[in-house]
C-alpha cells in the first residue's frame, strides 16, 4: 500500500478487515484496531499535531501538552475546553474511516444501523459520550454506554443495585450484623465470618469512627481512588509494601470493570512482584527476579512508557518487559483500586491471582502525585472497605538500638531487645544474673534431640506474675506437628503436655499456684508414663495413648516463650509467653546454665534478686536459691562470699576514697544512679558521698531514716529526699537505689516503693579542692566532713558492693590498700 494517506487506502483497509474477519463471531476472533496507520510520518499524514513512527511500517498520532487525542485517532481537542466530544457527524458513513481506526472497534459487515436499547435507527438517540463501538453480524452498530459507577450496577430494567460487597466471599452464608454500610465476609483460609467496614468506620458493627493514615488490607479489602488522568502512555509509580502473604493484587485500574479492555495491574504472585498491562492487543508481563520480604517494608518502583515497562524491587536489578501488538496507549475509565481488585470482575482471564493484598501500603506516588489514603475530603479515597490502620508503620518512629527489632500491638510499638540489653529502645546494657520474662521474652537453646527418647527428667524453679504462659517448649517440627513436650501455666494451674506421635496427653496440678512466689516443679517421664510434681502437692501421673514410647525433639528448646506460636503444637492450650522469673532449670540431672548456654533470646531482663549485686565477687558465682543465694567459689576461696570479706566501717575516720579518672567520669554523669548493698548497726552517719567541684551528692542515715541530699549546679540550693518507710540499721543486708536527675531525686529500698518527696534548703557550701573530689564510701576524714556534708561521722557497718551509673561496678573487697581505718566484715 502507498505510504501516503488517502481515503481510498483507508477504505481498502476496511475491506481487508472485513474479509479477514468474515465468518468469525467470537470475541477472540475479532480484529481490533487502534489509531495506527500504515506509512510514515510526512507532510501528507492526517495527524493534527504530532506524529510518531512505529515499527513494521506504521505510525500513530499524538497531541501536545494540554491536548488529548480524539477518538478518530488523529485530531486533538483541548483538555480544559468546553467543546463537546465527537458527535454523530464523526461516526457517519462518510467518516467510516474514523470508526475503522478507532480503538476497540470491531468490523464484521458493511451495512450499519445505529441502535442503543431499541431497534430504532433514529440517529438522535445516540448518547453524547460514546465509549465502545461494536459491529456484530446483526447488521447493527451497537453502542455500549460508559461502565456503571463504582458504587452501582444497572439491572435489566434500569434500576440501581448497590454492590459494595461484590468482592466478598460467598462460599457459605455469612450472617454477621455489620451495621450500616458494612459487609460480611468469610476468611479465605478458615472461612470464619468477619465484618468489612466502610472506610473511616470500625468496630464489630462498623459503629466506631476510625482514622486511617497507613492502610492495612485483609485480603478482602480495597480502596478506590478517582480514575487516572494523563496516564494513557506514561506512568511512573513508587510505593512501599509490607506483605503478610505471597499472593494478592495491590494496584489495579483499566478501561472496563470486567477486564475486557485495557488495564494495568501490580500484584504478588508466589512472592514475586508482577506488573501486567494490556494496551489493547496483548498482555505484557514484567516480573521481579527476587521475592518480597514478608512482614518487612519493600520498596517498589515502576516505570511504563507506551509498550515498555521497567520494574525494580528493593535494591534489586531493574527488569524490563514489553506489551504485545501495535497499540501503545491504555485507556483508563475505571477507578484506581489499591489493596484489592474492588468491583472488578473477569480477573481469572487476565491475572494469576484474584484475591487482594494481605498487608500494608504506604507512600504511594503516581506521576509525581502522592496519594492520601483517608476518605475525601480529608484524603482522596472515594470508597474503601475492610481497611485497618497499619500498626507496623508505628515502628518507623521507634528506633530500636543494639540490634533490637520493633513489634507492634493494637495501640503501640515496642522493641524486642537481644540478650544483654533492655529499655524502651534496647539502650540499656544489662548484666544478666537471674532472668525475668515480660510476656514477649524467650531464651533459645539446643534441642533435646535424642537425649529424651526413653526418659526425661527436669526440674524448674520459677516465680510467675501472670496466671498463663509457656515456660518450656521443645518440638519435633517447626510447624508444631508430631512430637512435643511443653510445661506451661493455664489459669494458674501447672500443666505438662507431650505427644509421642500417637496422640497428646496432659498432666495438670491439683491446685493453682500463688503468684509472685517461688515454686518448684519436677517432671519425670519414662516411656508413655509421666509424673508431674508441683511444690508440696500430690504428684499427678498420666499415660500417653497409642503404642509409641519414644520422644524425639530435634528442634530448639525454648524457655519463657517462643518467637512466634506458629512453631508450638496446637495441643498446647496457652498461646502466650511466661511472665515472671526463672532461676533454675535442671534437665536429666544436669544443671542448665540459663544464660551462658543460651543460643539467643529477646527481651530478657534481670529479676529483682540479691544475685544482681554479684555478692560473690569476681572469685565466685552467685547461685540463686529462691529469695536467697549461695556462692560457688573458685579454689582457694572458702567463705560464703568467696572473698576475704567486704570492708567494715567503724564510724569515725573510717572510709574508702576513690578519685581515679574512671571513677570521676562515672560520678560526673547526670542522671547519676547509685546502687549500694550494705548492713548497718548505726542510725546516723554518711554512707556514700560524691564530690565534683561545687556539686555534691550524699546518701546517709539521719535518725534512722535514709536521706538523699544533693546540690544543683549553679544554684545555692540543697534538695532533700527522705525514705523513712524501711528500717535499714537492723544489722541485715539491704539494697538501696538512689537517683539524682537534674533537680529530681528518687530513693528505692529493697525493691519497695519509689520515694520522690522533696524539700529544698538554701545553703552555702565551699568549693572542694582537687584532692577532696571523688567518691567516698562509709564516711570521710574528720577535717572536711562537717564542712562538706551535714554529717558528723560515717556509718558503722559493712558495704558489700556498689554500682554507679548502671555500668561502673565496684566490688568492695580487699580494699584495705585504698581505705582508711577499715576492717573485715564478718558473715
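Taken together, the values in this text are just the output of simple stated rules run on the coordinates, not laboratory data. What you see is a predicted model; the values in this text were computed from it and never measured. Virtual Cβ from ideal backbone geometry, glycine too; neighbours counted across all protein chains shown.
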Subtract the Cα-Cα distance of residue 296 and residue 408 from 0.36 nm times their separation in residues, and report this length gain in nm to one decimal.
39.1 nm
Across segment 272-330, how large is the tail of the calculated P(r) beyond 15 Å, expressed as a percent of all Cα pairs?
47 percent
Please work out the Cα center distance from segment 248-314 to segment 226-243, rounded to the nearest Å.
10 Å
Report Rg/Rh for segment 502-594, rounded to two decimals, where Rg is the Cα radius of gyration and Rh the Kirkwood radius.
0.94
For a quick size check, give me the Cα extents of segment 233-334 along its three principal axes, largest first, whole Å.
37, 27, 20
Please report, for the Cα atoms of segment 382-453, the Rg to one decimal and the Dmax as a whole number; what are they, in angstrom?
17.5, 62
Can you give the FRET efficiency to the nearest 0.05 for residue 44 and residue 270, using r as the Cβ-Cβ distance and R₀ = 41 Å?
0.20
Mind grabbing the base-10 log of I(q)/I(0) for segment 300-447 at q = 0.09, 0.11, 0.12 Å⁻¹? Debye formula, identical points on the C-alpha positions, no solvent, two decimal places.
-0.52, -0.72, -0.80
Does a label point 7 Å from the Cα of residue 750, set along Cα-to-beta-carbon, have any residues of segment 482-521 with amide nitrogen under 18 Å, and which are they?
517-518
Largest first and rounded to whole Å, the semi-axes √(5λ) derived from the alpha carbon gyration tensor of segment 540-670 read 44, 20, 13
Computed over segment 217-292, the distribution of all Cα-Cα distances in 10 Å bins, rounded to whole %, is 16, 50, 32, 2
Can you give me the Cα centroid spacing of segment 207-221 and segment 652-719 in angstrom?
55 Å
Relative compactness, segment 435-607, computed as alpha-carbon Rg over 2.2 N^0.38 Å:
0.93
Mind jotting down the distance between the C-alpha centroids of segment 536-578 and segment 593-617, whole Å?
25 Å
Testing the spin-label approximation: label points 7 Å from Cα along Cα→Cβ at residue 287 and residue 683. State their distance in nm.
8.6 nm
Full extension between residue 205 and residue 664 adds, at 0.36 nm per residue less the Cα distance, a length in nm of 159.0 nm
Highest mean first, what order results for 176-182, 795-801, 363-369 on Cβ atoms within 10 Å?
795-801, 176-182, 363-369
Percentage of interatomic Cα-Cα distances in segment 215-393 larger than 28 Å:
13 percent
Residue 548-residue 573 FRET efficiency (beta carbon distance; Förster radius 22 Å; 0.05 resolution)
0.50
Descending semi-axes in whole angstrom, ellipsoid equivalent of segment 393-534, from the Cα gyration tensor:
32, 18, 15
The extension gain from residue 741 to residue 586, computed as 0.36 nm times the residue separation minus the Cα-Cα distance, is 51.5 nm
Between the modelled labels at residue 508 and residue 64 (7 Å from Cα along Cα→Cβ) the distance in nm is 8.4 nm
